[in-house]
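The values are calculated or read from the model by the stated rules, or taken from the named source; none is laboratory data. What you are looking at is a predicted structure, and each value in this text was computed from that prediction instead of being measured. Surface accessibility is based on the protein's heavy atoms, side chains included, excluding ligands, DNA and RNA. Shrake-Rupley method; radii C 1.70, N 1.55, O 1.52, S 1.80 Å.
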Amino acid sequence: MADKQISLPAKLINGGIAGLIGVSCVFPIDLAKTRLQNQQNGQRLYTSMSDCLIKTIRSEGYFGMYRGAAVNLTLVTPEKAIKLAANDFFRHHLSKDGKLTLIKEMLAGCGAGTCQVIVTTPMEMLKIQLQDAGRIAAQRKLMPETVAAGTVEAKSPTAMQLTTQLLKEKGIAGLYKGLGATLLRDVPFSIIYFPLFANLNNLGKRGVEGPAPFYVSFVSGCVAGSTAAVAVNPVDVIKTRLQSLNRGTTEDTYTGVMDCVSKIMRNEGPTAFLKGAYCRALVIAPLFGIAQVIYFLGVGEYILSFLPKKDK
């Protein structure tokens with residue numbers, strides 16, 4: 001990410017650590033984003049991010065804000081590893097024939113985004129069910145008219161229970177529900193993020209060959225991350241809706257991306273595609289800012305320095 005040359009193993013360590021720290025810091029905002037995106041007309045429990053977090057703490061306690069965090073913390077390291085390794089791989093091969101142009105940078109980002117959905121899709125699928133469980137439970141208490149008569153309140157499932165249930169009922173395809181929407185989100189995100197970060201970072205370089213100062217890389221990461229996040233937010237709304245298994249009785253269900261788009265447009269209007277955009281920007285910007293801190297401190301290189309060196 002930064003301009004200094006970093007070995008791939010160090011990048012993977014840095015990306016994994018940054019992901020773990022970042023998820024721990026911003027997960028409550030991500031939970032608010034999911035719940036706000038899943039609200040449909042007539043089902044509005046939360047009016048804003050702060051309202052969602054306050055009501056979540058009141059009804060579910062402090063740790064209610066971390067529903068689904070274990071899934072993210074477990075899978076965020078391999079996700080970052082795949083994304084970073086794929087981006088490096090494509091950039092290396094695309095630069096063999098000369099300068100890495102903007103188009104080639106975008107192609108490398110496209111390849112990285114495509115590869116990462118191997119891990120991203122099941123991670124998001126499980127995380128969304130766990131994050132949204134509190135919203136469904138709150139609907140039962142505060143808006144009982146949205147729940148069918150005689151419905152018994154179910155206990156919130158664990159990630160392992162959800163995984164087992166999905167595999168048993170639908171096989172591996174159950175974990176990859178919403179794959180198309182995830183691709184439509186992550187590929188454009190990487191196409192926007194990687195070139196934008198690289199070019200913003202280059203604007204602050206010290207001289208022609210010198211590295212950019214830390215604060216330039218930090219701001220570049222935040223700006224590029226939040227810009228890409230807001231740009232793909234409409235697809236993120238679609239992905240969240242498609243991957244949500246539990247709904248109120250009066251909430252729409254969807255058969256695919258186009259069905260989801262048409263029903264949202266018809267029933268909620270175009271502004272519904274911006275639901276959670278503010279939260280998503282607040283989630284993504286710190287994640288990439290934290291990543292820059294980890295890279296600047298050279299955490300991965302420091303850890304690798306303790307490994308025995310091979311004799312040449």
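Tabulated results
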read-out: Whole-angstrom Cα spans of the chain along principal axes, big to small; value: 71, 42, 37
read-out: Accessible surface of the stretch 57-140, 1.4 Å probe, proportion on carbon and sulfur as whole %; value: 69 percent
read-out: 5 Å-binned pair-distance histogram of the stretch 254-312 (Cα, whole percent); value: 4, 14, 11, 11, 10, 9, 8, 7, 7, 7, 6, 4, 2, 0
read-out: Ranking by accessible area, most exposed first, for F189, F89, F214 with a 1.4 Å probe; value: F89, F214, F189
read-out: Solvent-accessible area per residue for the stretch 173-218 (1.4 angstrom probe, square angstrom); value: 47 Å²
read-out: Kyte-Doolittle mean at least 1.6, axial Cα span of 24 Å or more - DSSP H helices of the chain; value: 277-297
read-out: Projected-area mean, the stretch 1-86, by convex hull of Cα positions, square nanometres; value: 7.1 nm²
read-out: Straight-distance crosslink candidates among aspartates and glutamates, where the alpha carbon sits under 18 Å from K309 and sequence neighbours closer than 8 are dropped; value: E301
read-out: Stokes-Einstein D in µm²/s, Kirkwood radius over Cα pairs - the stretch 225-268 at 25 °C with 0.890 mPa s viscosity; value: 216 µm²/s
read-out: Top of T271, T114, T253 by mean-square fluctuation, Gaussian network on the chain, Cα under 10 Å; value: T271
read-out: The stretch 175-206 and the stretch 66-103: distance between their alpha carbon centers, rounded to Å; value: 10 Å
read-out: Of K11/K104; K127/K205; K11/K168; K96/K239, those spanning more than 28 Å from alpha-carbon to alpha-carbon; value: K127/K205; K11/K168; K96/K239
read-out: Mean accessible surface per residue for the stretch 1-100, computed with a 1.4 Å probe while every protein chain stays in place, in Å²; value: 46 Å²
